[in-house]
Amino acid sequence: MHAKNHWLPVALAALAAIGPFSIDTYLPAFHAMASELGATQNEVQQTLTAYMASFAVMVLWHGALSDRFGRRPILIGTSLLYALASVICVLAPSIGWLWAGRVMQGVCAGAGMVVGRAMIRDLYEGAQAQRLMAQVMLIFGIAPAIAPLAGGALLELSGWRSIFVFLCALGIGLAWLCWRTLPETLPPEARQPFAPAALARAYREVLTHRGFMLLSLGIAVIFNGYFLYVVSAPVFIREHLGLGSHGFAALFLPAVGCMMLGSFASARLAGRWSEWRTIRAGLVVMAFASIVEIALTLLPLPRTFILAPISLYNFGVALIMPSLTLISLDLFPARRGLASSCQGFVQVGVNALTTGMLAPLLWRTPLTLALGAGACYLLALLSFYLWSRRAGR
């Protein structure tokens, strides 16, 4: 089971990438969808909220299901269901049908993120696990750069429905990749019963563990400092920066490049720096980026300068994420799948709240967006401080 599998980081990164592809690919098409379906901009925005809400609810169950039935069947099955959901979006005659397809996509899309994390921890420990987690994030980082570019190109060539044809093909391709390349990392003797009473106790134990919840909230909120700009991109790019469709690349490419650099640095530092030193370094980088970002919105400089600290912030996120994720999963070694589900639930729940409520309130000006991202950083810093005091670090 510990033999080198060169396809493992590629497959796990591709599975995790279904999330950003489901969001970033269709962002450039919001105006086209609203026009063809006779919907308002807010109704189209709610297709993203529908996706995020169902993603957040179902992500609670992917890990528990994989703890019971194994990792591979869950990954293959959800990939095929995602492809079917994409077909519903392709054929949607109204905004209501599009909401339904997006809900079904959200139900399936979280499995790769949740089960992938558990598979890494099934196979490896310590620096080796951190290194593989960082490699997955490094490859995964390509997705947010490619997704809006692919969506923009498909929109220009064949209209917005072709974007969901592409997502359907992606789901089928992922199912094939899982079947061909992924090993089953959870042996039958290590599987947990899918009994309601036992599951309820396990969920209660995880979701009431103060250290785990502080870590999970910190992870979710610190990523939210960047995600706020992702979901605000149609307004931020077109209205505040005055850029057209090509402006999405101006936001995503540098940010994703810095995310990949941060993941590369995390992999290189694994075993050389302690987890705590890596986490502290990442937090300092993000603090500097947040301060500069706010300052640039107040200075009489070209608006596009704001993009630089957003990218630097992403470097810090990618630097600390592997360490924080592994520390939280190690709190429940017998229930890593379920713990990964709960962590994903907290993260996606925060993202869904941002998509449906926070982003529309903050995207009015670049300053309010920068202050919102800074507030996310401060809330995460408070969570990590309380967690470190509880852990005696």
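Each value in this text was obtained by applying a stated rule to the coordinates, not by laboratory testing. Just so you know, these numbers come straight off a predicted model, no measurement behind them. For neighbour counting, all protein chains shown are included, and Cβ atoms are generated from backbone atoms with ideal geometry for every residue, glycine included.
Numbers at a glance
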read-out: Rounded, prolate or oblate (a/c below 1.5 giving rounded, otherwise prolate when a/b exceeds b/c) for the stretch 49-165 by Cα gyration tensor; value: oblate
read-out: Global geometry of the stretch 158-305, whether rounded, prolate or oblate, following the gyration tensor of its Cα atoms and the 1.5 cut on a/c; value: oblate
read-out: Most mobile of MET357, MET137, MET321 in a GNM of the chain (Cα contacts under 10 Å); value: MET357
read-out: Cα convex hull of the stretch 345-392, projected area averaged across orientations, nm²; value: 3.7
read-out: Stretch gain in nm, segment ASN42-GLN128, where the contour uses 0.36 nm per residue and the Cα spacing is subtracted; value: 26.5 nm
read-out: Whole-angstrom Cα spans of the stretch 294-338 along principal axes, big to small; value: 55, 14, 13
read-out: Stretch in the chain that is longest and holds no GluC sites (Glu not before Pro) that DSSP places in a loop and that have at most 14 other beta carbons within 10 Å; value: 185-393
read-out: Selected from GLN41, GLN105, GLN135 as most flexible by GNM, with the chain as the system and alpha-carbon contacts under 10 Å; value: GLN41
read-out: Sparse-neighbourhood loop sites, trypsin sites (Lys or Arg not before Pro) in the stretch 227-283 - DSSP loop, at most 12 other Cβ within 10 angstrom; value: ARG272
read-out: Local electrostatic count, ALA118, Cβ distance below 15 Å [Lys/Arg +1, Asp/Glu -1]; value: +3
read-out: Centroid-to-centroid separation of the stretch 37-56 and the stretch 104-149 [C-alpha atoms, Å]; value: 25
read-out: Two-site FRET efficiency, THR181 against LEU157, from Cβ-Cβ distance with R₀ of 25 Å, rounded to 0.05; value: 0.25
read-out: Principal axis dimensions, the stretch 225-314 - Cα atoms, whole angstrom, descending; value: 45, 25, 18
read-out: Estimated [θ] at 222 nm from DSSP helical runs (n ≥ 4, -39500 (n - 2.57)) normalised by residues in the chain, nearest 500; value: -26000 deg cm²/dmol
read-out: Pairwise label distance in nanometres, PHE305 with LEU382, each label 7 Å out on the Cα-Cβ vector; value: 3.1
read-out: Of the DSSP H helices in the chain, those whose Cα atoms cover at least 20 Å axially and whose Kyte score averages 0.5 or more; value: 71-91, 95-109, 126-140, 142-158, 161-181, 210-231, 247-269, 275-298, 307-329, 336-353, 366-391
read-out: Distance histogram in 5 Å bins (all Cα pairs of the stretch 114-210, percent per bin); value: 2, 9, 11, 15, 16, 14, 13, 10, 6, 3, 0
read-out: Mean Cα-pair separation over length for the stretch 226-309, i.e. relative contact order, pairs under 8 Å, 6 or more apart, %; value: 26
read-out: Residue of GLY38, GLY110, GLY374 that the Gaussian network model of the chain assigns the largest fluctuation, springs spanning Cα pairs under 10 Å; value: GLY38
